[in-house]
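The values are calculated or read from the model by the stated rules, or taken from the named source; none is laboratory data. In this text the structure is predicted, and so the values were computed from the model without any measurement. Heads up, the Cβs are rebuilt from the backbone with ideal geometry, glycines too, and the neighbour counts pull from every protein chain shown. Surface accessibility is based on the protein's heavy atoms, side chains included, excluding ligands, DNA and RNA. Shrake-Rupley method; radii C 1.70, N 1.55, O 1.52, S 1.80 Å.
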Amino acid sequence: MRRRLQTLVQRKFKILLLLLLLLALLLHLAMDLALPTARRLWSSDGKAPRASGAMSGSPLLAGPKKLSLRILQDFSGSNGSLERSSHPQGAGPQIKDPGVQQQHGDMNQAQTKGSKLAALFEHPLYNIPMPEVTDKDKLFVVNPMEKFSLQSSGSDEWVSSSKAEAILPTGKTAYDTYPAWLKFHVGINRYELYPRRDPLMPTLLHDLATMRIVSSVQKSGGTQLKLIMTFPNYGQALFKPMKQSRDQETPVDFFYFSDFERHNAEIAAFHLDRILDFRRIPPVSGRLVNITKEIRDITTDKKLAKTFFISPAGNVCFYGECSYYCSTEHALCGKPDQLEGSVAALLPDKALAKRRSWRSPWRRSYHKSKKAEWELNPNYCAQVRQTPPYDRGHRLLDLIDMTVLDFLMGNMDRHHYETFEKFGNDTFLLHLDNGRGFGTHSHDEMSILAPLQQCCSIKKSTYLRLQLLATRPYLLSELLREALAADPLAPILAEPHLRALDRRLGKVLAAVGRCLARAAQPGEVVVDDVGPWV
């Protein structure tokens, strides 16, 4: 009886095993038949899985190509890979870059994430060849064999040699491992503050947002409180604290010169300047600062230290010393000690790279009732064109570029601008101090466009890019929204400010259109600065 039972169990087990094998064979055949059908469906309706990331979660895509792409992305995220390469097209670290979101591999990013910024920077208008940069076109001529040291005689500055144009850092660190701020400084040239495809930008922005602060002192001068912050690698940044919320507009009864400086305006201005391809604003990142640990406890500024107090709500506050908005009524308070702010990379010290300050011909009167000459004389531009340095070169056209930037931001406070003295008249203008931009979104201040309207001139490259940024694939508001989304303090701008950009851009193009309609020769209005390339 027992033998028969064992035989029966063995037979049932063999039958069950056979059935399972048969079922597996049928499933395998079914999958083989279904896969070609799915491929035909994808190819027929144009939705085949590509590198763009469509259906990236499907197991069908887990093949060698996807694996290789992931490996390359992981490798490009290595800090070591960045430090070993100083080529402008080199790989950068896998850090969110508010401007371009990782310059290395823009096309891959456009395909995998649908980045409009990456697509913009691949456009031919953003790849117009630059003039060859010679030694005389560089702000600093650096010996790549020289080294940089963090133990250099207790100075916060990098060391200059007896030659005015040569910077000779000292120490044991190889040139390839210079800190990002120093590479930024030595990369400045006659034509640009930083390259379009700068692999250092993600690292520099990351340093500004996260690097430990070892010193905080008040910046002298100015109407509002600003701090100079120093990092362990001797890099320095300008900190502008938060003074009002994102959705708060400047009161209509405020004069432009009594407006607050906004930290988010500084951040947004940097990215807008980059999208316009001017690249004349030093890199800026948002940062959340601990007032107690990163300002009060480490400051050596005795005047600043005396202005700290605890508010009735238990928050840490301070107000510093400045011309107007430094008092207990305008104190800056944390929650309880956390305070937002913009952190901008400082330009090279003026002792190493002299800068010249120029009074803007369209400077406002800064008087409550008096108007400036340009507001009274409709032919004012003819007078400017005969006055150095606007009587030759592209200085006037560069100033009109700055006018376009200011109008898009709503910035009325452009009384001066600066240039690097070494390059004379043949160089770009530095677009500094943009904190009074983005104060109001419901009003477009047309007087800011006076240089464009009165001179009826604009660079061809600028005009073509503005036209491009008014089209749906590259809409300016959408590009800036994407750029700002990667900042540590995002969202940076309220939506009405972003929408105002498209409206104002339309008004800039309309102003150029009116000039073209009146001009005898279009070339008098749209000045060719790119030649036959475009």
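Every test in (1) under 28 Å from Lys293 (Cα atoms); (2) assigned to a loop (DSSP other than H, G, I, E, B); (3) open to solvent by 60 Å² or more (accessible area, probe 1.4 Å); (4) of a type outside the set (A, V, I, L, M, F, W, C) is passed by Tyr325 save one, and that test is (3).
Condition (residue is within 19 Å of the chain's Cα centre (by Cα), outside any helix (DSSP H, G or I) and of a type outside the set (Val, Ile, Thr)) applied to the stretch 461-478: is it met by at least one residue? Scanning the stretch 461-478 turns up at least one residue that is within 19 Å of the chain's Cα centre (by Cα), outside any helix (DSSP H, G or I) and of a type outside the set (Val, Ile, Thr). State yes or no: is Val508 over 30 Å from Ser342 (Cβ atoms) and β-branched (Val, Ile, Thr)? So Val508 fails the test.
So in the stretch 197-224, with the set limited to residues that are part of a loop (DSSP other than H, G, I, E, B) and in contact with a Phe, Trp or Tyr (Cβ under 7 Å, 6 or more places away or on another chain), which one is surrounded by the fewest Cβ atoms within 10 Å (Cβ to Cβ)? It comes out as Arg212. For Ser357, the conditions (1) modelled with pLDDT of 95 or more; (2) surrounded by fewer than 13 Cβ atoms within 10 Å (Cβ to Cβ); (3) farther than 30 Å from Asn233 by Cβ all hold with the exception of (3).
For the stretch 508-527, filtered to residues that are at pLDDT 95 or above and closer than 18 Å to Leu399 by Cα, the residue that is nearest to the chain's Cα centre (by Cα) is Val508.
Checked against (1) touching an Asp or Glu at 6+ places or on another chain (Cβ under 9 Å); (2) touching a residue at least 60 places away in the same chain (Cβ under 8 Å); (3) over 28 Å from Ile228 (Cα atoms), Gln383 passes all but a single condition, namely (2).
Evaluate the following for Phe270: is it among the hydrophobic types (A, V, I, L, M, F, W, C) and outside any helix (DSSP H, G or I)? No; evaluated as a whole, the condition is false for this residue.
Here Thr250 passes the criteria (1) at pLDDT below 95; (2) part of a strand (DSSP E or B); (3) of a type in the set (S, T, N, Q) except the one numbered (2). Scan the stretch 465-480 for residues that are open to solvent by 20 Å² or more (accessible area, probe 1.4 Å) and of a type in the set (Ser, Thr, Tyr) and the total you get is 2.
Of the residues screened, Thr440 is one that is modelled with pLDDT under 95 and either touching a Pro at 6+ places or on another chain (Cβ under 9 Å) or among the polar types (S, T, N, Q) (or both). Can you pull out the residues in the stretch 295-317 that are within 21 Å of Phe231 (Cβ to Cβ) and open to solvent by less than 40 Å² (accessible area, probe 1.4 Å)? Selection gives Ile295, Thr299, Asp301, Leu304.
Take the residues of the stretch 263-300 that are touching a Ser or Thr at 6+ places or on another chain (Cβ under 9 Å) and acidic (Asp, Glu): which is nearest to Ala500 (Cα to Cα)? In this case the residue turns out to be Glu266. Residues in the stretch 360-412 that are among the polar types (S, T, N, Q) and crowded, with 22+ Cβ neighbours inside 10 Å: Thr403, Asn411. Candidates Leu505, Leu452, Leu489, Leu498: the one that is open to solvent by less than 30 Å² (accessible area, probe 1.4 Å), free of Cβ contacts under 8 Å to residues at least 40 places away in the same chain and either in a loop (DSSP other than H, G, I, E, B) or hydrophobic (A, V, I, L, M, F, W, C) (or both) is Leu498.
The set of residues in the stretch 301-320 being out of contact with any Ser or Thr (no Cβ under 6 Å at 6 or more places or on another chain) and not in a loop (DSSP other than H, G, I, E, B) consists of Lys302, Lys303, Leu304, Phe309, Ile310. Taking the conditions (1) within 31 Å of the chain's Cα centre (by Cα); (2) at pLDDT below 95; (3) in a helix (DSSP H, G or I) in turn, Lys293 satisfies each one other than (2).
Taking the residues in the stretch 508-529 that are in a loop (DSSP other than H, G, I, E, B) and out of contact with any Leu (no Cβ under 8 Å at 6 or more places or on another chain) as candidates, determine which candidate is least open to solvent (accessible area, probe 1.4 Å). For the stretch 508-529, the residue satisfying everything is Ala519. Looking at this structure, is Leu339 more than 29 Å from Thr250 (Cβ to Cβ), outside any loop (DSSP other than H, G, I, E, B) and touching a helix residue (DSSP H, G or I) at 6+ places or on another chain (Cβ under 8 Å)? No: the conditions fail for Leu339.
Among the residues of the stretch 227-251 satisfying the criterion of being closer than 27 Å to Phe438 by Cα and without any contact (Cβ under 8 Å) to a residue 60 or more places away in the chain, which is least open to solvent (accessible area, probe 1.4 Å)? If we take residues in the stretch 227-251 being closer than 27 Å to Phe438 by Cα and without any contact (Cβ under 8 Å) to a residue 60 or more places away in the chain, then Gln244 is least open to solvent (accessible area, probe 1.4 Å).
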